[in-house]
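A.B. asks: The structure's right below; bear with me while I get my questions together.
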Amino acid sequence: MITFENVTMRYAKGDTPALQSVDVEIGRGDFVFVVGASGSGKSTMMRLIILEKEATQGRVLVAGKDLSRLPNRKVPALRRQVGTVFQDFRLLSGKTVHQNIAYVLQVLGAKRHTIKQIVPETLELVGLQDKGKRLPHELSGGEQQRVAIARAMVNKPPILLADEPTGNLDPETSQEIVAILDRINRTGTTVVMATHDTTIVNRFRKRVVQLRDGVLVRDQADGEYEAVEEGLA
Ligand SMILES: Nc1ncnc2c1ncn2[C@@H]1O[C@H](COP(=O)(O)OP(=O)(O)OP(=O)(O)O)[C@@H](O)[C@H]1O
């Protein structure tokens, strides 16, 4: 589903690479934690997958497409295949929960009756069926993140990227959020989550891809977050 082939990425000529010769293969339906200290290259991996940035060397393939050869006109179609969730939720503050989610479908040209059906279904997926009329500031952080997940999933993308989605949440809420991502993954969605939350990684026991200074240093099924190695413990 997502392949990095010998990928090196430099933000500017002469910079030390943010990613260096990274090889990784993420299959359909996988759940992967991308871990590593701050600045190790986690977000850069995410940016390459949605073509916010391009690899300096090597190839990134997403859903069978080589991104270095993807014509600009096909970038929106690529991005529709990849739902994204971020640490800071990024909801539209003036719109209700329902409107935040409906907006995605409106942009995609969905019919009004389709939107009326799909939005409540999606809110149910994240347990927020009763909160459709609330504005983002009337929700807790965990609820806001659930809205962001619903929004990312409303058009049923095959891939969900979550960049530090629990970074602003307390430990209990963080677990609830990852449990939702886990549930989404079990329905077949490929989930890639960047995190430095050792507790979460160790509790959920998924595949762990670990970066250090842009280099992939570990790729392990049912892995733990080896915090000692990162100097975090
Ligand atoms: N826009 C940018 N321009 C130049 N360098 C950048 C840019 N974004 C990131 N970098 C550099 O690339 C490297 C990797 O950064 P990246 O954001 O991918 O790390 P990260 O693992 O996601 O960190 P964090 O956990 O703090 O979000 C770092 O050295 C960082 O300083």
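A.B. asks: Regarding Ala102, is this residue among the small types (Gly, Ala, Ser) and surrounded by 21 or more Cβ atoms within 10 Å (Cβ to Cβ)?
C.D. replies: yes
A.B. asks: Which pairs turn up if I take residues in segment 199-210 that are part of a strand (DSSP E or B) and look for partners that are at pLDDT below 95 and aromatic (Phe, Trp, Tyr) with beta carbon separation below 7 Å, at least 6 apart in sequence or on another chain?
C.D. replies: Hits for this filter: Val208/Tyr225.
Yes or no, residue by residue, for (1) without any contact (Cβ under 8 Å) to a residue 24 or more places away in the chain; (2) farther than 20 Å from Phe31 by Cβ; (3) among the polar types (S, T, N, Q); (4) in a loop (DSSP other than H, G, I, E, B):
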| site | (1), (2), (3), (4) |
| --- | --- |
| Glu143 | yes, yes, no, no |
| Asn168 | no, yes, yes, yes |
| Glu172 | yes, yes, no, no |
| Ala179 | yes, no, no, no |
| Leu216 | no, no, no, no |
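A.B. asks: If you scan segment 1-25, which residues turn out to be buried (at least 22 other Cβ atoms within 10 Å of the Cβ) and either more than 7 Å from the ligand (Cβ to nearest atom) or not aliphatic (A, V, I, L, M) (or both)?
C.D. replies: If the condition is that a residue be buried (at least 22 other Cβ atoms within 10 Å of the Cβ) and either more than 7 Å from the ligand (Cβ to nearest atom) or not aliphatic (A, V, I, L, M) (or both), then Ile2, Phe4, Val7, Met9, Leu19, Val22 are the ones that fit.
A.B. asks: Also, I was wondering about something else. Of a type in the set (Gly, Ala, Ser), surrounded by fewer than 19 Cβ atoms within 10 Å (Cβ to Cβ) and under 16 Å from the mean Cα position of the chain (by Cα), is that true of Ala194?
C.D. replies: Considered against the rule, which asks whether it is of a type in the set (Gly, Ala, Ser), surrounded by fewer than 19 Cβ atoms within 10 Å (Cβ to Cβ) and under 16 Å from the mean Cα position of the chain (by Cα), Ala194 comes out as no.
A.B. asks: While we're here: I'd like to verify a number: residues in segment 71-98 that are closer than 19 Å to Glu25 by Cβ and part of a loop (DSSP other than H, G, I, E, B), how many?
C.D. replies: Matching residues across segment 71-98 total 1.
A.B. asks: When you scan segment 26-60, how many residues do you find that are charged (D, E, K, R), surrounded by 22 or more Cβ atoms within 10 Å (Cβ to Cβ) and either modelled with pLDDT under 95 or assigned to a strand (DSSP E or B) (or both)?
C.D. replies: Result for segment 26-60: 0.
A.B. asks: Taking segment 147-166, which residues are crowded, with 23+ Cβ neighbours inside 10 Å and either acidic (Asp, Glu) or assigned to a loop (DSSP other than H, G, I, E, B) (or both)?
C.D. replies: Val154, Pro165, Thr166
A.B. asks: What is the number of the single condition among (1) out of contact with any helix residue (DSSP H, G or I) (no Cβ under 7 Å at 6 or more places or on another chain); (2) crowded, with 17+ Cβ neighbours inside 10 Å that Gly188 does not meet?
C.D. replies: (2) is the only condition that Gly188 fails.
The values are calculated or read from the model by the stated rules, or taken from the named source; none is laboratory data. As the structure is a computational prediction, the values presented were derived from the model and not from experiment. Positions of Cβ are backbone-derived with ideal geometry, glycine not excepted, and every protein chain shown enters the neighbour counts.
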